[in-house]
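Engineer: A single structure is presented below for examination.
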Amino acid sequence: MADTLVIDHVGHFGDGVALDDGNNLYVPYTLPGEIVEVAANPGHPDRRRLLKVARASEARITPFCPHFGVCGGCAIQHWDAEPYRAWKRSLVVETLRLAKLDCEVAPLIDAHGAGRRRITLHARLGGHEVLKVGFAAAGSHDIIPVDRCPILDPGLDGAVEAAWALAEPLKPAGKPLDIQITATEGGLDVDVRGSGPLKAELVAALSRVAEKHRLARLTRHGELVLLRNTPVMTVGPARVTLPPGSFLQATTAGEETLAKLVAAHCGRAKNIADLFCGVGPFALRLAQHARVSAFDSEANAVASLQRAASTTAGLKPVKAETRDLFRRPLVPQELRDYDAVVFDPPRQGALAQARQLATSAVPVVIAVSCNAATFARDARLLVDGGYKCDEVTPLDQFRHTPHVELVARFSR
């Protein structure tokens with residue numbers, strides 16, 4: 001039986017929100033002011049399934065991807081750019097307001113650029129042994145097969161076809177098989193996870209696929225299967241050889257924009273700590289003007305950063321160290337010689353490290369975050385410790401999703 005709802009606003013996860021006797025009802029793919037017909041969503045009492053948009057918003061546009069609404073990769077392709085951008089900035093503004101943080105929020109920066117340069121495709125064997133390779137469906141673990149994805153960087157051309165070809169000999173019956181693909185200057189870098197041990201005949205079959213699709217490198221859980229070209233990336237003035245399955249910002253424009261903001265906030269600092277440094281998107285650029293100490297728990301990323309720094313002319317000294325900053329954060333005594341600290345943690349934030357920074361004397365702290373909620377938690381510690389939040393700049397690197405990046409500067 002269908003019900004009729006009026007959508008009040010778009011929520012933090014990109015769903016339209018209808019107000020029903022004081023309760024929020026969430027309806028995906030709807031916009032403010034729309035009148036929609038919905039049905040119950042079994043197992044999810046606060047969610048409704050969209051049946052029909054009876055009265056559409058003037059801001060509704062036609063999605064550009066044929067998989068939109070089924071594939072769970074994008075939540076918003078149906079909203080005009082201006083209200084979409086205002087909503088995305090508001091996610092940061094509202095999160096900071098709820099945390100009682102007085103921070104100036106700059107206009108949203110579009111950092112989508114040429115598109116995503118890394119993806120993870122999932123492969124499963126469905127009914128009747130039919131292979132499916134694609135992305136997870138919205139709100140479920142079902143796999144939606146795809147033959148293309150229009151939000152990808154041109155460097156990922158051929159990635160979807162390669163994933164299908166790799167999944168075929170692996171036959172992921174009843175098991176999750178994930179295929180992570182990164183666009184590098186040497187070609188596609190692929191890491192397969194979930195396949196189980198590879199017998200000699202499987203290695204041979206995968207090697208043939210890698211040759212046919214001209215993959216730069218193929219690894220399984222980080223172990224080398226085939227290397228055709230070295231997967232390298234230019235990071236500022238340096239050339240970095242990527243470890244298998246390594247983390248990169250989702251878009252080239254995103255990395256460059258974040259790095260530019262970080263460098264501007266560091267100002268004339270001469271001795272900088274880069275925490276959760278990864279392969280060095282900040283450290284290798286900052287080292288053009290300052291000494292940098294870089295820390296991360298991923299030993300392979302740290303080693304790649306150190307090699308790149310040592311082979312790049314014109315950089316100030318860079319010292320990279322493997323350290324788990326969740327268990328062993330830098331303490332105030334270790335932080336005392338730095339005149340700026342940058343930290344860019346995963347989505348869970350940097351609670352332990354923020355506590356130590358809050359009691360330190362570091363004059364400038366720059367926070368980079370992909371999660372406004374954990375950023376607000378960590379920022380609260382810094383502000384309570386005497387720091388002033390000078391500015392927060394939100395970035396839209398994950399266009400068409402509710403994910404938002406941000407860079408913030410704190411000073412004493």
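Engineer: Let me spell it out: the conditions are (1) in contact (Cβ under 8 Å) with a residue 40 or more places away in the chain; (2) aromatic (F, W, Y); (3) crowded, with 18+ Cβ neighbours inside 10 Å; (4) under 29 Å from V190 (Cβ atoms), and F295 meets all of them except one. Which number is the exception?
Structural biologist: Every condition holds for F295 apart from (1).
Engineer: Just name the residue that is farthest from the chain's Cα centre (by Cα) out of those in segment 133-144 that are surrounded by fewer than 18 Cβ atoms within 10 Å (Cβ to Cβ) and not small (G, A, S).
Structural biologist: Step by step, filter segment 133-144, then rank; the result is D142.
Engineer: Among the residues of segment 363-377, is any hydrophobic (A, V, I, L, M, F, W, C) and more than 24 Å from the chain's Cα centre (by Cα)?
Structural biologist: The initial filter retains those residues of segment 363-377 that are hydrophobic (A, V, I, L, M, F, W, C), namely 364-368, 370, 372-373, 375-376.
The next check asks that each one be more than 24 Å from the chain's Cα centre (by Cα); those that pass are 364.
Yes: one or more hits.
Engineer: Also: I76 versus (1) open to solvent by less than 40 Å² (accessible area, probe 1.4 Å); (2) in a strand (DSSP E or B): which is the lone unmet condition?
Structural biologist: I76 satisfies all of (1) open to solvent by less than 40 Å² (accessible area, probe 1.4 Å); (2) in a strand (DSSP E or B) except (2).
Engineer: Please go through segment 146-202 and give me each residue that is among the β-branched types (V, I, T) and touching a helix residue (DSSP H, G or I) at 6+ places or on another chain (Cβ under 8 Å), ordered by number. First the steps, then the outcome.
Structural biologist: Looking only at segment 146-202, we keep the residues that are among the β-branched types (V, I, T), and these are 146, 151, 160, 179, 181-182, 184, 190, 192.
Once the filter is applied, which keeps residues that are among the β-branched types (V, I, T) and touching a helix residue (DSSP H, G or I) at 6+ places or on another chain (Cβ under 8 Å), segment 146-202 yields V146, I179, I181, T184, V190, V192.
Engineer: Now, a different point. Out of segment 351-379, which residues are out of contact with any helix residue (DSSP H, G or I) (no Cβ under 9 Å at 6 or more places or on another chain) and either modelled with pLDDT under 95 or open to solvent by 50 Å² or more (accessible area, probe 1.4 Å) (or both)?
Structural biologist: From segment 351-379, those out of contact with any helix residue (DSSP H, G or I) (no Cβ under 9 Å at 6 or more places or on another chain) are 352, 363, 370-371; that's our starting set.
Within segment 351-379, just P363 meets the criteria.
Engineer: Turning to a different aspect of this structure: Would you please name the residue that is nearest to R124 (Cα to Cα), looking only at residues in segment 187-207 that are small (G, A, S) and modelled with pLDDT of 90 or more?
Structural biologist: Residues of segment 187-207 that are small (G, A, S), as a first pass: 187, 194-196, 200, 204-205, 207.
If we keep only those that are modelled with pLDDT of 90 or more as well, we get 187, 204-205, 207.
Details: G187: 25, A204: 21, A205: 19, S207: 21 Å.
So the residue we want is A205.
Engineer: Could you tell me which numbered condition A264 fails, if it satisfies all but one of (1) modelled with pLDDT of 95 or more; (2) open to solvent by less than 30 Å² (accessible area, probe 1.4 Å)?
Structural biologist: Condition not satisfied by A264: (2).
Engineer: Which of the residues that make up segment 291-312 are part of a loop (DSSP other than H, G, I, E, B) and either at pLDDT below 95 or farther than 23 Å from P346 by Cβ (or both)? So that I can check it myself, show each step before the final result.
Structural biologist: At the first step, the residues of segment 291-312 found to be part of a loop (DSSP other than H, G, I, E, B) are 297-298, 311-312.
Those that are part of a loop (DSSP other than H, G, I, E, B) and either at pLDDT below 95 or farther than 23 Å from P346 by Cβ (or both): T311, T312.
Engineer: Now for a different question. Could you please find all residues in segment 122-153 being closer than 20 Å to R193 by Cβ, assigned to a loop (DSSP other than H, G, I, E, B) and either modelled with pLDDT of 90 or more or of a type in the set (A, V, I, L, M, F, W, C) (or both)?
Structural biologist: V146, C149
Engineer: Is it fair to say L226 is buried (at least 23 other Cβ atoms within 10 Å of the Cβ) and modelled with pLDDT under 95? Talk me through it step by step, then tell me what you get.
Structural biologist: Working: buried (at least 23 other Cβ atoms within 10 Å of the Cβ): no; modelled with pLDDT under 95: yes.
No.
Engineer: Okay, moving on. So if I check each of A320, A340, A308, which one is buried (at least 24 other Cβ atoms within 10 Å of the Cβ), free of Cβ contacts under 8 Å to residues at least 60 places away in the same chain, more than 21 Å from the chain's Cα centre (by Cα) and within 28 Å of R239 (Cβ to Cβ)?
Structural biologist: Values: A340 fails: free of Cβ contacts under 8 Å to residues at least 60 places away in the same chain; A308 fails: free of Cβ contacts under 8 Å to residues at least 60 places away in the same chain.
Checking each option against the conditions leaves just A320.
Engineer: Right, another one. Only one of these conditions is not met by E334: (1) more than 17 Å from V235 (Cβ to Cβ); (2) open to solvent by less than 70 Å² (accessible area, probe 1.4 Å); (3) of a type in the set (D, E, K, R). Which number is it?
Structural biologist: (2)
The values are calculated or read from the model by the stated rules, or taken from the named source; none is laboratory data. All values reported here derive from a predicted model rather than from experimental measurement. Every residue, glycine as well, gets a Cβ built from its backbone with ideal geometry; the counts of neighbours run over all protein chains shown. When the accessible area is computed, the model is the full protein with side chains, heavy atoms only, and any ligands, DNA or RNA have been set aside. Shrake-Rupley method; radii C 1.70, N 1.55, O 1.52, S 1.80 Å.
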